[in-house]
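Report on one structure; see the data block that follows.
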Amino acid sequence: MLTPSSSSSSFTSSSSTSPALDQRLKAARERFVALWGQMAANWGIPRSMAEVHALLFIAGEPMNADDLMEALRISRGSASMTLKALQEWGIVSRVYLRGDRKEYFQAEQDIWKLFRTILRERKKREIDPLIEALRECREMTAKPPAGTARKIRAAAAISQHNRRLDAMLEFISMIDGLSERVINSGKGLQLAAKILAKAS
């Protein structure tokens with residue numbers, strides 16, 4: 001049965017290991033959490049959200065809100081909102097431990113599933129709205145003016161504008177299609193990636 005992590009030392013390993021190893025593991029986990037938080041911040045994801053996820057992932061076992069608050073020095077409100085957001089993304093799930101009334105949370109441990117889930121959420125929040133906005137922009141010049149020489153010159157400029165916008169839409173749509181295939185690839189992506197890595 002799953003056992004809760006110790007709230008007094010959330011970054012350390014089990015007490016059966018040596019103190020020296022505990023300190024090395026603690027430092028390595030702290031470094032990983034900091035790196036994950038910095039990377040996410042560069043991508044526009046809240047650092048606190050990334051750090052909570054990083055700690056749950058690297059710990060590999062359920063942790064409760066108190067564990068996270070102590071390890072990351074965050075408030076209960078921040079921990080609650082962050083855990084809710086991570087559950088909405090589908091990369092953290094709530095678990096219950098028999099005999100313990102607290103709620104525990106565990107991160108998805110399958111790297112490939114984690115990657116596909118994050119890609120799906122980024123696509124939904126960024127690529128999909130961008131494609132919709134670009135199509136709306138394209139509709140604004142769908143019908144070029146006709147008639148006078150001035151309007152003909154304007155039509156030529158609009159035509160050039162539309163060609164550039166169409167090229168952008170085609171490229172973003174291609175990225176969207178590739179993302180969709182990756183998200184729905186299952187084990188196929190993992191196998192293809194390993195084959196390509198060996199081929200290179």
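Let's see how each residue does on (1) touching a helix residue (DSSP H, G or I) at 6+ places or on another chain (Cβ under 6 Å); (2) at pLDDT below 90; (3) among the hydroxyl-bearing types (Ser, Thr, Tyr):
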site	(1), (2), (3)
Thr82	yes, no, yes
Gln87	no, no, no
Ile91	yes, no, no
Arg94	no, no, no
Gly99	no, yes, no
Trp112	yes, yes, no
Arg120	yes, no, no
Exactly one of Arg163, Arg150 is more than 30 Å from Asp110 (Cα to Cα) and modelled with pLDDT of 90 or more, and that one is Arg163
**Prompt:** touching a residue at least 60 places away in the same chain (Cβ under 8 Å), closer than 30 Å to Ala193 by Cβ, in contact with a Gly (Cβ under 9 Å, 6 or more places away or on another chain) and not acidic (Asp, Glu) - does that describe any residue in the range 123-137?
**Reply:** no
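To keep it simple, each residue is scored yes or no on (1) under 24 Å from the mean Cα position of the chain (by Cα); (2) under 19 Å from Leu83 (Cβ atoms); (3) modelled with pLDDT of 90 or more.
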position	(1), (2), (3)
Ala28	yes, no, yes
Ala34	yes, no, yes
Ile45	yes, yes, no
Ala50	yes, yes, yes
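The values are calculated or read from the model by the stated rules, or taken from the named source; none is laboratory data. Predicted model only: the values in this text are computed from it and were never measured. A quick note on method: Cβ atoms are made from the backbone with ideal geometry, for glycine too, and the neighbour counts reach across all protein chains shown.
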